[in-house]
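Here the structure is laid out as structure tokens; the discussion comes afterwards.
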Amino acid sequence: MKILAIETSCDDTGISIIKTPQNKKSGFDVLANIISSQIEIHKKYGGVFPAMAKREHQNNLVPTLEKALKTVGMLKISKNQISDSKNGTLKEILDRESSLYENLKKFLEKYEKPDIDLIAVTKGPGLEPCLWVGINFAKALSFFWNISIVPVNHIEGHILVNFLDLPLQAGNHKINFPAISLVVSGGHTQLILLKKIGNYEIIGETRDDAAGECFDKAAKILGLGYPGGPIISKLASQDIKPNTQSPKLPRPMMNTKDYDFSFSGLKTAILYHHKKQSIKTQKSKEYITQMCAEIQQTIIDVLIKKTIKAAKDYKAKTVILGGGVSANQELRKQLKEKIKKEILNCDFLVPEPILSTDNALMIAITGYFHRTKKIAWQKIKADANLRI
Ligand code: KG4
Ligand code: ZN
């Protein structure tokens, strides 16, 4: 089975094509995983503007699909005449995305229907205008090519991308349950209990800002640019001389009995600390690297403490890390070490950094697990606040 996946929930336009496992011993075959990043555009504004991101998705979707199909050798020229009735429906589906309609029409006229069995598309959570572009694009392809769609939860995608290389066994991946998953991204920080694939319970989450959002806001306060996570982690690694003068930030909710988080107080503490410094200090490399190291470590300390607590309390046999912040090398390293040291017989899964941040491969894999839940293209809707 070949799955084409589309991801547009935030500022990355992703298209992926996978071949699902042939037998119980093999994993997924990644045929294409293309991401068109909008970072350069949003960088100037220090964050993602939904209307601008929507426009960029409209521009990027067709070229990204073209690139993906080309990579797989599925881009075959054929001159198609689109009937008035089909054209009318396409236009209706992409009524709010006129430039995408124009691009897609030209594409559909030029190329053959590819050998794809299922389309998977992100339904939510995410930025509503962005989700709709991807969904309408999926609907148009589903209608025109007559291929079924399966809607996918983005957060579940961040978890199940970890199953990419695990061989299947009797229809299920060889993973030991129960598992605890920490999903840390720009919009979410959740601890999720997995009893099996498809059976999830959110046992804790942030009460305000997400961990990635805290990295992004902290970088803005320090005048470092966007997105904050990768910038802060790079600078943090240059902090070669931590000393008693190094800034010390509070670890909000680290020792509470629940599995919840709170990062907005941390952002305020960073702001106050920063404001107290002289302009000269604020600009000094020593201060910036120390601050970045402390911000990163504070977030890591809180995330690890609660994840370990959850894993112990729920007797987890596997801990799964996912979401953009899981690209953070220190978080990956420290969580792995802590699990090894503190929990007996517990596996640790984390995606390659490139698959930590948003991509369509995670949507394709999740689509595979829900392949029986196809719905008619007319019925699919975006849900910006979709919960796992
Ligand atoms: O999952 P993702 O790509 O998009 C959302 O679904 O939100 O996550 C993006 C977030 C951003 O806040 C970004 O700053 C953060 O992930 N991030 C990182 C790193 N790379 C990306 N945070 C810490 N360290 C990193 N290396
Ligand atoms: Zn994400």
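Here are the numbers:
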item	result
Packing-based ranking, highest mean first, of 373-380, 9-16, 52-59 given that Cβ atoms within 10 Å are counted	9-16, 52-59, 373-380
Angle in degrees between helix 264-276 and the longest Cα principal axis of the chain, rounded to the nearest 10	60
Local electrostatic count at residue 300 - Lys and Arg +1, Asp and Glu -1, tallied over other residues with Cβ under 13 Å	+3
On Cα atoms only, tilt of 50-72 relative to the major axis of the chain in degrees	60
Helix 211-221 axis, angle to the chain major axis (alpha carbon atoms, nearest 10°)	70
Surface/4 estimate of mean projected area, convex hull on alpha-carbon atoms of the stretch 175-350, nm²	9.8
For the chain, the fraction of alpha-carbon pairs in successive 20 Å shells from zero, as %	28, 53, 18, 1
Relative contact order (%) - criterion: Cα under 8 Å, at least six apart; region: the stretch 175-350	30
Cross-link partners of residue 267 among lysines (Cα-Cα below 16 Å; sequence separation of 8 or more within a chain)	217, 220, 248, 275, 276
Amide H within-cut-off set for residue 203, under 5 Å, with H built and near neighbours excluded	191, 192, 193
Within the chain, helix-based [θ] at 222 nm, where runs of 4 or more DSSP H residues each add -39,500 (n - 2.57), nearest 500	-13500 deg cm²/dmol
Hydrodynamic radius (Kirkwood) for the stretch 278-388, which is based on Cα pairs only, to one decimal in Å	17.2
From phi via Karplus (6.51, -1.76, 1.60), per-residue ³J(HN,Hα) for the stretch 177-190 in Hz, x at Gly/Pro	9, x, 10, 10, 10, 9, 9, 10, 9, x, x, 9, 9, 9
The stretch 217-295: chymotrypsin sites (Phe, Trp or Tyr not before Pro) in DSSP coil with no more than 15 other Cβ atoms inside 10 Å	none
Two-site FRET efficiency, residue 279 against residue 258, from Cβ-Cβ distance with R₀ of 41 Å, rounded to 0.05	0.50
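FYI, it's all coordinate maths here, none of it is from the lab. This one's a predicted model, so the numbers in the text were calculated from it and none came from an experiment. Cβ sites come from the backbone with ideal geometry, for glycine too, and all protein chains shown count toward neighbours.
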